[in-house]
Amino acid sequence: MTQPYAEVIGDPIAQSKSPAIHGFWLAELGLPGRYEHCRVRQDELAKYLARRRTDPDWRGCNVTMPHKLAILPLLDRLDPLAARIGAVNTVVRERDGTLTGINTDAPGFLEPLRAELERVHLFRMARVLGTGGAARAIVAALASKSFVVVLAGRDPAKARAMLDELAPGADHHAIGLDHFADATDFAFDDRAGCLDLVVNASPLGMTGQPPLAFDFSHAPPGAIAYDIVTSPLNTRFLQNAAESGLRTVDGLSMLIGQAAIAFGHFFGAQAPRDRDAALRALILA
């Protein structure tokens, strides 16, 4: 007897926490189904989708690096948010075998900031590190919440083009990633009434990747440091932020938020978010 299944694809992928998250929710709800990880290399992506779209038990997949942009031309349609962002992190198989690309990264990223975003601020600024697929969703999400974005990448011209595409008409800034590596003696002005974020939207600092060079003298007092990396969960970036007296948000917060939206598409049920504490305990055990 078959059962519905979904999976997460990427390269590498063994470190993904998504199977534990979706598996926990399936068990909590008593639903039939399974969720696994599947390593898919860049040159295997088209073949993988061709096989899966013919399988009626396959409900879709989450997509992680390096496929969030490469998968776009292989899909039959994009939802409006994914089309605007130009990156997909969730693929849903429709009943007729066609594939729809969705972006749940943007709302997932904003979820742990909801309480802050409900407040009125005189000014909102975010320093975003990275220019990949996840960064595209994050920049679009922040722009929709009236943030001025300083986007840092290895190639400032790429960062500038990304800002012009995703958040045109505002006073955003592009800069080289190495700008933040060395200490600064910049004197920040009064941040009362302001909301400042420093976001690592890159894979730097992840297990198997180079470290992220960021000196927290570049972070305004009272800023929130947010790292989307999930392996390790308590990254050196977050440790340094905490040592500098800043509030922190880890990558599991975004991962659970975006996964809950995908879970509804895959299995037709709402994730039991009242069990988030137990889910975190399971993942961190």
Within the range 85-130, considering residues that are under 12 Å from the mean Cα position of the chain (by Cα) and among the hydroxyl-bearing types (Ser, Thr, Tyr), the one farthest from LEU195 (Cα to Cα): THR90
Filter result (hydrophobic (A, V, I, L, M, F, W, C) and within 19 Å of the chain's Cα centre (by Cα)) within the range 41-84: CYS61, VAL63, MET65, LEU69, ALA70, ILE71, LEU72, LEU78, LEU81, ALA82, ALA83
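Identify, please: which residue in the range 42-59 is out of contact with any Ser or Thr (no Cβ under 7 Å at 6 or more places or on another chain) and in a loop (DSSP other than H, G, I, E, B) and is, among those, surrounded by the fewest Cβ atoms within 10 Å (Cβ to Cβ)?
So, considering only residues that are out of contact with any Ser or Thr (no Cβ under 7 Å at 6 or more places or on another chain) and in a loop (DSSP other than H, G, I, E, B), the one surrounded by the fewest Cβ atoms within 10 Å (Cβ to Cβ) is THR54.
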Residue identified as surrounded by 14 or more Cβ atoms within 10 Å (Cβ to Cβ) and under 16 Å from the mean Cα position of the chain (by Cα) among PRO232, PRO272, PRO220: PRO232
Unique residue being under 16 Å from GLN258 (Cα atoms) and β-branched (Val, Ile, Thr) when the list is ILE13, ILE9, ILE71: ILE9
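When the range 239-268 is examined, which residues are found to be charged (D, E, K, R) and either crowded, with 23+ Cβ neighbours inside 10 Å or more than 30 Å from LEU29 (Cα to Cα) (or both)?
GLU243, ARG247
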Helices (runs of 4 or more DSSP H) fully within the range 92-177 counting 3 or more residues that are more than 26 Å from SER253 (Cα to Cα) and not charged (D, E, K, R): 156-166
Flag for ALA183 being touching a helix residue (DSSP H, G or I) at 6+ places or on another chain (Cβ under 6 Å) and assigned to a strand (DSSP E or B): no
Filtered residues of the range 25-41 (kept if assigned to a loop (DSSP other than H, G, I, E, B) and not basic (Lys, Arg)): GLY30, LEU31, PRO32, GLY33, VAL40
Filtered residue count, the range 216-268, keeping only those that are without any contact (Cβ under 8 Å) to a residue 60 or more places away in the chain, closer than 21 Å to ALA14 by Cα and not in a helix (DSSP H, G or I): 7
For ALA213: the one exception among (1) over 21 Å from the mean Cα position of the chain (by Cα); (2) among the hydrophobic types (A, V, I, L, M, F, W, C); (3) part of a loop (DSSP other than H, G, I, E, B): (1)
Long-range neighbours under 6 Å by Cβ, at least six apart or interchain, first residue over 21 Å from THR2 (Cβ atoms) within the range 52-79, second at pLDDT below 95: LYS68/ALA87; LYS68/GLY133; LEU69/ALA87; LEU69/GLY133
LEU110 vs. criteria modelled with pLDDT of 95 or more and closer than 23 Å to ILE138 by Cβ: yes
Single match in PRO221, PRO272, PRO203 (criterion: closer than 24 Å to TYR35 by Cα and either in the same structural domain as ALA126 (by TED's automatic domain parsing) or among the hydroxyl-bearing types (Ser, Thr, Tyr) (or both)): PRO203
Residue in the range 174-184 that is surrounded by fewer than 21 Cβ atoms within 10 Å (Cβ to Cβ) and among the aromatic types (Phe, Trp, Tyr) present: no
Residue list for the range 68-91, filter: in a loop (DSSP other than H, G, I, E, B), surrounded by 24 or more Cβ atoms within 10 Å (Cβ to Cβ) and small (Gly, Ala, Ser): ALA87
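The values are calculated or read from the model by the stated rules, or taken from the named source; none is laboratory data. Keep in mind the model is a prediction, meaning the values are calculated, not measured. Positions of Cβ are backbone-derived with ideal geometry, glycine not excepted, and every protein chain shown enters the neighbour counts.
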